[in-house]
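Take a look at the structure set out below.
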Amino acid sequence: MQLHPVKVAELTYLRPVKRALFPGSFDPITNGHIEIIRRGLTLFDEIVVGIGLNTSKQPMFPPAQRLKWIQEVFQNEPRVQVTTYTGLTVRFAREIQARFILRGLRSAPDYEYERNIDLLNKYLDESIETFYLLSSPETSFVSSTLVREVIKFHGHLEGLLPPHIIADIYATYPESRPVGSK
Ligand code: ADP
């Protein structure tokens with residue numbers, strides 16, 4: 001286990017690093033995810049953003065592209081690391097010595113969905129605790145699914161994603177630019 005030196009007055013002691021896994025598909029990462037990660041950094045020493053490659057859904061963006069975008073967003077934040085993983089999320093959390101999982105909650109359907117996953121994860125590995133942060137009103141309507149729809153139907157992406165990701169999307173899919181934009 002990795003230990004973290006803590007100094008209180010003259011006393012220095014070592015405590016375990018509080019590492020959380022933030023799992024998801026991040027197809028692509030949105031301002032909603034970014035907000036949860038930034039707020040998560042006030043709770044945990046380190047956050048590992050895990051891009052899960054399990055889903056049967058065909059992603060819009062390749063894993064390497066999703067990984068690069070997240071790394072760019074957090075390039076000045078050494079406490080955030082990004083990786084891909086396959087298999088059970090709790091198993092991966094254990095593998096990277098993360099005792100915590102971080103998730104965001106936008107709405108009641110999110111809660112219902114997360115509750116089942118939480119129960120299953122506890123059944124699989126009760127040593128891993130999941131923490132939930134409620135999304136802010138500014139981002140609670142943002143989802144990767146909605147962003148992919150906006151891309152397909154040439155809507156404005158501003159405010160949903162960081163500007164450099166929007167620029168990359170327009171470069172890769174010039175046809176997705178909103179009508180009338182340069
Ligand atoms: P999505 O549901 O958008 O496809 P992911 O599967 O990548 O996203 O989700 C990863 C985590 O991020 C989940 O806990 C999800 O609830 C959370 N999340 C996604 N969008 C937001 C948002 N706008 N605000 C807060 N949490 C969010």
Sole exception among (1) at negative phi; (2) within 15 Å of the ligand (Cβ to nearest atom) for LEU3, by number: (2)
Go through (1) under 23 Å from MET1 (Cα atoms); (2) away from the ligand (no atom under 13 Å from the Cβ); (3) free of Cβ contacts under 8 Å to residues at least 40 places away in the same chain one by one and return the number of the condition PRO62 breaks. (1)
Quick one: would you say SER136 is near the ligand (Cβ under 9 Å from one of its atoms), over 16 Å from PRO23 (Cβ atoms) and assigned to a loop (DSSP other than H, G, I, E, B)? yes
Of the residues VAL142, VAL150, only one is touching a His at 6+ places or on another chain (Cβ under 9 Å) and in a helix (DSSP H, G or I); which? VAL150
Which one of these does GLU77 not meet: (1) in contact with a Lys or Arg (Cβ under 9 Å, 6 or more places away or on another chain); (2) modelled with pLDDT of 95 or more; (3) farther than 18 Å from HIS33 by Cβ; (4) more than 16 Å from the ligand (Cβ to nearest atom)? (3)
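Does ILE51 qualify as being touching a residue at least 12 places away in the same chain (Cβ under 8 Å) and either farther than 17 Å from HIS164 by Cα or exposed (fewer than 15 other Cβ atoms within 10 Å of the Cβ) (or both)?
Working: touching a residue at least 12 places away in the same chain (Cβ under 8 Å): yes; either farther than 17 Å from HIS164 by Cα or exposed (fewer than 15 other Cβ atoms within 10 Å of the Cβ) (or both): yes.
Yes.
Just the residues that are part of a helix (DSSP H, G or I) and of a type in the set (Lys, Arg), please, taken from the range 66-100.
Selection gives ARG66, LYS68, ARG91, ARG94.
The values are calculated or read from the model by the stated rules, or taken from the named source; none is laboratory data. Source: prediction; values computed, not measured. Here Cβ is always computed from backbone atoms with ideal geometry, including for glycine, and neighbour counts include all displayed protein chains.
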